[in-house]
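So the structure is just underneath, and the comments pick up after that.
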Amino acid sequence: MNRVYIKTYGCQMNERDSEAVAAMLRDRGYSIVDSEHHADIVLLNTCSVRDQAEQKAIGKAGHLTKNKRERSDYILGIMGCMAQNRGDELVDRIPDLDLVVGTQKFHQVPDHLDNIIQSRNGLGPRPTTIVDLDEEEGSQNTIRAHLNAERKVSAFVSIMQGCNMNCAYCIVPKTRGRERSRPIDSIVEEVHELAQAGTKEITLLGQIVNLYGRDCMRRENGKSPFVRLIESVHEVPGVERIRFTSPHPVGFRKDLIEAYRDLPKLCPYIHFPMQSGNNRVLKAMKRTYTIERYRHIVDQLREMVPDMFFSTDVIVGFPGETEDEFQDTVHHFKDIAFDMAFLFKYSIRTGTEAADMEDQIPQEEKEARLQVLLDTLEGQSLKRNQSMVGSIQEILVEGQARRGDNMFMGRTPGFRKVIFPGSDRLVGELVPLRITEASTSTLRGELLLNGVEPETNVSLPSIAV
Ligand code: 5AD
Ligand code: SF4
């Protein structure tokens, strides 16, 4: 009894929340297992950002209720964004649920599970579904446990929660609440603990990560709280690489662009959601920037870091998007030559402004537009990857590759995945590899023999100084 499986849907923020819940549960004596088949307790950490993600989790929960009928001790819970978004409606739909926990209450999961188990053992009130969806002041400070976690080469650190923007398509402000930042000291302490346990790469997470701290700190010497946070993380011994996700053009100023020049651990890769390449659509989306402003930031970054890698999010088929407007997106998508992208068909989210807009785009049209961008992306990713064949890249080795004996996986500073023959002792190390092959999503490489002079051979994505 007390073996817990946590299944995570959605973004890195959810992954980080699940890790924290796992760490808190381990600390309470629960064991975390990696398959639902070996679990007595299954928790689904859910996403609401698109309908498909919600349907997947609801389907899964429905399927798992059969275990409850077969085993009286089985516990099934739903946490996270869909729990927050749908709340009691979920219990009506899936009455067998034991637990529904919102986005500000993850830290209560161990108590709730303890209570459910005790009451089943006759030590407490008769169990009904526990629904815990309240807002909680300071909840941004609760997602920090890494206790007893496995050593991770690369770790996410949640620096803030919530979002104060009001993008017309987006459910996140409803599911995650207002923007709340953690204090710098607490974040840096967490990074120290991670680094001491062997973590080499830190990814700072927030809905609009570059607005970190504006709710409680000021700009100082022309530097935003976010840049000051990156500088503090940069000083932590053992941290070799720093990334963050996701920034927004709002508040993306010179200090952040200059950070790429001044802070060598800040990786030459950015996931920078564009959403659309057309100003009317951006305005209707309430994105608060023009495509010119977005491009200006991209240009400044490229000027600072000529080999920068760019990734983005795009939504096709936003209500009212015409073919010409979509073509503007295609134009900018090609012109910027994104190396990576997450491409989405607009999905109606009840309760958001765009859900009630006229001119919803037919599904087939959304699919056709998506396909255009997918094909474009494939060509662009492949071309960029092929341009790296023959170069020498510094790879942070994350672990064994999923397939292949003695094959290992790591990433370049530009976040390209590389597979290569290696050995366990390299995990967590930065090693130089020669890139030998490229496909759209993956590179292959070989370790360099000792004695290669990095000065003459290394062509790392250069950081202009
Ligand atoms: N439909 C489609 N995509 C969406 N996203 C957010 N809301 C929606 C929606 N209603 C996308 C945005 C965001 C990413 C995380 O998900 O591109 O950046
Ligand atoms: Fe959603 Fe916009 Fe906030 Fe991103 S910035 S979480 S898209 S409301």
(message) Quick check: from the Cα gyration tensor, does the stretch 279-323 come out rounded (a/c under 1.5), prolate or oblate?
(response) prolate
(message) Using just the Cα positions, wrap the stretch 319-420 in a convex hull and report its mean projected area in square nanometres, one decimal place.
(response) 9.4
(request) Name the shape class, rounded, prolate or oblate, that the alpha-carbon gyration tensor gives for the stretch 1-73, where a ≥ b ≥ c are the square roots of its eigenvalues, rounded holds for a/c under 1.5, and otherwise prolate holds if a/b is larger than b/c and oblate otherwise. (result) oblate
(message) At 1.4 Å probe size, with the rest of the protein present, what percent of the exposed accessible area of the chain is carbon and sulfur atoms?
(response) 47
(message) Sort 422-429, 277-284 by packing, meaning the average of other beta carbons within 10 Å per residue, with the highest value first.
(response) 277-284, 422-429
(message) Quick check on the stretch 177-228: what does the Kirkwood estimate of hydrodynamic radius come out to from the alpha carbon pairs, in Å?
(response) 12.2
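So if R0 is 56 Å, what FRET efficiency would ASP262 and ARG71 give, r being the distance between their Cβ atoms, rounded to the nearest 0.05? Please list the in-between numbers first.
On the way: r = 57 Å, r/R0 = 1.02.
In this case the efficiency is close to 0.50.
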(message) Would you work out the Kirkwood radius for the stretch 3-132? I mean one over the mean of 1/r across all pairs of different Cα atoms, in Å.
(response) 14.5
(request) May I ask you to derive the FRET efficiency for GLU89 and ARG402 from their Cβ-Cβ distance with R0 = 45 Å, giving the value to the nearest 0.05? (result) 0.75
(request) Wrap a convex hull around the Cα atoms of the chain, take a quarter of its surface area, and give that in square nanometres. (result) 22.9
(request) Decide, for the stretch 61-119, between rounded, prolate and oblate: order the square roots of the alpha carbon gyration tensor eigenvalues as a ≥ b ≥ c, take rounded if a/c falls under 1.5, and otherwise choose prolate if a/b is larger than b/c, else oblate. (result) oblate
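Over the chain, what is the mean sequence separation of C-alpha contacts under 8 Å (at least six apart), divided by residue count, expressed as relative contact order in percent?
On the way: 913 pairs, mean separation 47.5, N = 465.
Once normalised by length, the contact order is 10 percent.
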(request) Quickly rank 348-359, 94-105, 2-13 as a protection proxy: mean count of other C-beta atoms within 10 Å, highest first. (result) 94-105, 2-13, 348-359
(request) Quick one: of LYS174/LYS286; LYS283/LYS334; LYS105/LYS286; LYS105/LYS200; LYS286/LYS366; LYS7/LYS174, which pairs are farther than 25 Å apart, Cα to Cα? (result) LYS105/LYS286; LYS105/LYS200
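Suppose all protein chains stay in the model; what accessible area per residue would a 1.4 Å probe give for the stretch 139-385, in Å²? All intermediate terms of the calculation are to be shown ahead of the outcome.
On the way: 10090 Å² over 247 residues.
Accessible surface, normalised per residue, equals 41 Å².
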(message) Charges on Cβ only, +1 for Lys and Arg, -1 for Asp and Glu, centred on the Cα centroid of the chain; of GLY422, THR412, ALA341, which one is farthest towards the dipole's positive end?
(response) GLY422
(request) Counting helices only, and only those DSSP H runs with n ≥ 4, report the 222 nm mean residue ellipticity of the chain as the sum of -39,500 (n - 2.57) divided by its residues, in deg cm²/dmol to the nearest 500. (result) -10500 deg cm²/dmol
(message) As I understand it, the dipole of the chain uses +1 on the Cβ of Lys and Arg and -1 on the Cβ of Asp and Glu, about the Cα centre. Which of ASN278, PRO173, LEU263 lies farthest toward its positive end?
(response) LEU263
(message) Across the stretch 290-379, what fraction of all alpha-carbon pairs, as a whole percent, falls in each successive 5 Å bin from zero upward?
(response) 3, 12, 22, 21, 18, 13, 7, 3, 1
(request) Calculate, in whole percent, how much of the Cα-Cα pair population of the stretch 209-357 lies beyond 20 Å. (result) 53
(request) Quickly rank 368-374, 74-80, 314-320 as a protection proxy: mean count of other C-beta atoms within 10 Å, highest first. (result) 74-80, 314-320, 368-374
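The values are calculated or read from the model by the stated rules, or taken from the named source; none is laboratory data. All values reported here derive from a predicted model rather than from experimental measurement. Cβ atoms come from the backbone with ideal geometry, glycine included; neighbour counts cover every protein chain shown. When the accessible area is computed, the model is the full protein with side chains, heavy atoms only, and any ligands, DNA or RNA have been set aside. Shrake-Rupley method; radii C 1.70, N 1.55, O 1.52, S 1.80 Å.
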